[in-house]
Amino acid sequence: MAKTIIPFGPQHPVLPEPLQLKLVMDEDTVVEAIPAIGYVHRGLEKLAELKDFNQTVYIVERVCGICSFMHSMAYVRGIEDIMGVVIPERAEFLRVIWAEIARIQSHLLYLGLIADGFGFESLFMETWKDREKILDVMEFTTGNRVIISANKVGGQTKDMTQEHFTAILKTMDEIEAKLKEYDKVFINNYSVKKRTVGIGYLSLEDVKEYAAVGPMARASGWAWDLRQTGYSAYKYLDFEPVVETGGDCHARNVVRIRETFQSIDLVRQAISKIPEGEIAVQVKGTPKGEVISRIEQPRGEAVYYIKGNGTKNLDRLRIRTPTFANIPTILKMLPGSQLPDVPIITLTIDPCISCTER
Amino acid sequence: MASMFSIISKNFFKDPITRLYPKVVRTPFERTRGRLFNKIEDCIYCGICARECPADALKVDHTNTFWELNAFRCITCNQCVIKCPKKCLTITNERRSSGTKKTIHLQKPTTTENQAPK
């Protein structure tokens, strides 16, 4: 019998960014999924070779519209490593504070999208309403909502005063109170559990075989969080990786909700431990050499390869983003599932396709 | 069932969450990056800002004393403000108001359109 092919097209109301999956169907069950990416390719890695290495910070920030701060943090840490620059401690703490606030914002966005994925629009509005408070804090402290341009080679461009810290802590309290009200909906609600428990199962062996990263791996029992290696100011903070063993969409939601609470706690710890001092050092010269810089983004581990040849233009910049590593897991989870579950399974990896194709 | 009624009655008497624009206007924060402004009397047309701009939004000509900003390309990254030797560039926290034609913002010292916001 001839099989039907349904295009889960590049434009879909559920997807935040365009990704095409051609679903080969057998009546109501998916047999195979054939992906096609390339709808948002902008050639940013090539553009980084034509610009000054200081101007490339602004290019790298614009790779993604959600995890933008962590991209520039990874790039700047790589260049500082090549040139042997040691930045002041206060700058490391400021980076961690802004990075964790960006992580909270990204996870709240994910929770809204997954709620919209199974049609629960009012929960989507609730989570994004709280996300607006985080974006207001970002605008109050840096000037912009998501793409904040706070990193530069050698430290930070802006400092925060006690007034800013008080505003951040007040927002953290408000977010924590609101999150405690509606995380029960994601975890205990009967209809939500019908749509997420048992859907999109990924076992621990699959995680190791497909090299999944981030909350995808941690929800199947693989206890690996790159922040445990203690880069930047994380060595002064006290936390454990958040691990669940369910392996399905429900477990991934729980991991991300618990990570949001953990990030709120990390912001409070960092603000209480931040030392006084300078926020940047003068940097002279041009980078020569190669380095690999890794960082834990909200979606997983991102790897930056930077090669400089002694001039002010870089030789090569290569970015491996976490969604690029997680897309093969969709191709493992989709066969055997029903057609209405396809949007939930695709959204559960938290796809950021504009990161995947720079 | 009872929790549903308490939620409904609580929401019935609450103020709307959204801002009642245009009665209530959102005031920008102090650090908001709105638009670039140049105090043209102090400018020496050296061209450093045009060289540093990552988005190629500035055009400066020393011989003809010409300074032009393409406001559609500007990403308000603050690089030109940091590198300007005369410190005549600032980023204000008011965003540009909407216009009726797609023109490039030309900075001339005599027109009132380009007066510095306070």
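Tabulated results
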{"read-out": "Subset tally (residues that are closer than 25 Å to residue A:149 by Cβ and either out of contact with any Asp or Glu (no Cβ under 8 Å at 6 or more places or on another chain) or more than 14 Å from every other protein chain (Cβ to nearest Cβ) (or both)) for the range B:13-41", "value": "8"}
{"read-out": "The range A:210-238, subset surrounded by 17 or more Cβ atoms within 10 Å (Cβ to Cβ) and small (Gly, Ala, Ser), residue farthest from residue A:70 (Cα to Cα)", "value": "A:220"}
{"read-out": "Looking only at the range A:91-119, and only at residues there that are at pLDDT 90 or above and among the aromatic types (Phe, Trp, Tyr), the one that is farthest from the chain's Cα centre (by Cα)", "value": "A:93"}
{"read-out": "From A:16, A:35, A:7, A:88, residue being under 15 Å from the mean Cα position of the chain (by Cα) and surrounded by fewer than 19 Cβ atoms within 10 Å (Cβ to Cβ)", "value": "A:16"}
{"read-out": "Failed item, numbered, when residue A:148 is tested on (1) part of a helix (DSSP H, G or I); (2) within 14 Å of another protein chain (Cβ to nearest Cβ)", "value": "(1)"}
{"read-out": "Unique match (being touching a residue at least 24 places away in the same chain (Cβ under 8 Å), more than 22 Å from residue A:119 (Cβ to Cβ) and not acidic (Asp, Glu)) among A:177, A:167", "value": "A:167"}
{"read-out": "Members of the range A:135-164 found to be over 14 Å from residue B:33 (Cα atoms) and touching a Leu at 6+ places or on another chain (Cβ under 7 Å), listed by number", "value": "A:156, A:160"}
{"read-out": "Yes/no for residue A:310 being free of Cβ contacts under 8 Å to residues at least 60 places away in the same chain, surrounded by fewer than 21 Cβ atoms within 10 Å (Cβ to Cβ) and more than 20 Å from residue A:20 (Cβ to Cβ)", "value": "yes"}
{"read-out": "Flag for residue B:43 being under 20 Å from the mean Cα position of the chain (by Cα) and either aromatic (Phe, Trp, Tyr) or at pLDDT below 85 (or both)", "value": "yes"}
{"read-out": "Residues within the range A:332-358 that are more than 17 Å from the chain's Cα centre (by Cα) and outside any strand (DSSP E or B), tallied", "value": "13"}
{"read-out": "Test result for residue A:275, of a type outside the set (S, T, N, Q) and either farther than 30 Å from residue A:161 by Cβ or in a strand (DSSP E or B) (or both)", "value": "no"}
{"read-out": "Output for the range A:106-150, where each listed residue is over 19 Å from residue A:179 (Cβ atoms), of a type outside the set (Phe, Trp, Tyr) and in contact (Cβ under 8 Å) with a residue 60 or more places away in the chain", "value": "A:117, A:146, A:147, A:148, A:149, A:150"}
{"read-out": "Any hit, the range B:66-87, residues being farther than 26 Å from residue A:143 by Cβ and without any contact (Cβ under 8 Å) to a residue 60 or more places away in the chain", "value": "yes"}
{"read-out": "Hey, residue A:204 buried (at least 17 other Cβ atoms within 10 Å of the Cβ) and touching a residue at least 40 places away in the same chain (Cβ under 8 Å) or not", "value": "no"}
{"read-out": "So residue A:329, is it among the polar types (S, T, N, Q), crowded, with 23+ Cβ neighbours inside 10 Å, part of a helix (DSSP H, G or I) and without any contact (Cβ under 8 Å) to a residue 40 or more places away in the chain", "value": "no"}
{"read-out": "Enumerated helices (runs of 4 or more DSSP H) restricted to the range A:67-143, each holding at least 3 residues that are within 14 Å of another protein chain (Cβ to nearest Cβ)", "value": "A:68-83, A:121-142"}
{"read-out": "Members of the range B:48-68 that are more than 14 Å from chain A (Cβ to nearest Cβ) and either within 14 Å of residue B:33 (Cβ to Cβ) or not aliphatic (A, V, I, L, M) (or both)", "value": "B:59, B:61, B:62, B:63, B:64, B:65, B:66, B:67, B:68"}
{"read-out": "Odd one out for residue A:58, checked against (1) within 14 Å of chain B (Cβ to nearest Cβ); (2) modelled with pLDDT under 90", "value": "(2)"}
{"read-out": "Which numbered condition residue B:2 misses (of (1) surrounded by fewer than 14 Cβ atoms within 10 Å (Cβ to Cβ); (2) in contact with a helix residue (DSSP H, G or I) (Cβ under 9 Å, 6 or more places away or on another chain))", "value": "(2)"}
{"read-out": "Filter result for residue A:102 (over 28 Å from residue A:343 (Cα atoms) and of a type in the set (Gly, Ala, Ser))", "value": "no"}
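Rundown of residues vs (1) closer than 19 Å to residue A:344 by Cβ; (2) assigned to a loop (DSSP other than H, G, I, E, B); (3) of a type in the set (Val, Ile, Thr); (4) under 20 Å from the mean Cα position of the chain (by Cα), yes/no style:
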residue	(1), (2), (3), (4)
A:180	no, no, no, no
A:192	yes, no, yes, no
A:199	yes, yes, yes, no
A:205	no, no, no, no
A:209	no, no, no, no
A:213	no, yes, yes, yes
A:221	no, yes, no, yes
A:224	no, yes, no, yes
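The values are calculated or read from the model by the stated rules, or taken from the named source; none is laboratory data. Remember, predicted model here, so these are calculated numbers, not experimental data. Ideal geometry is used to build each Cβ from the backbone, glycine not excepted, and the neighbour counts take in all protein chains shown.
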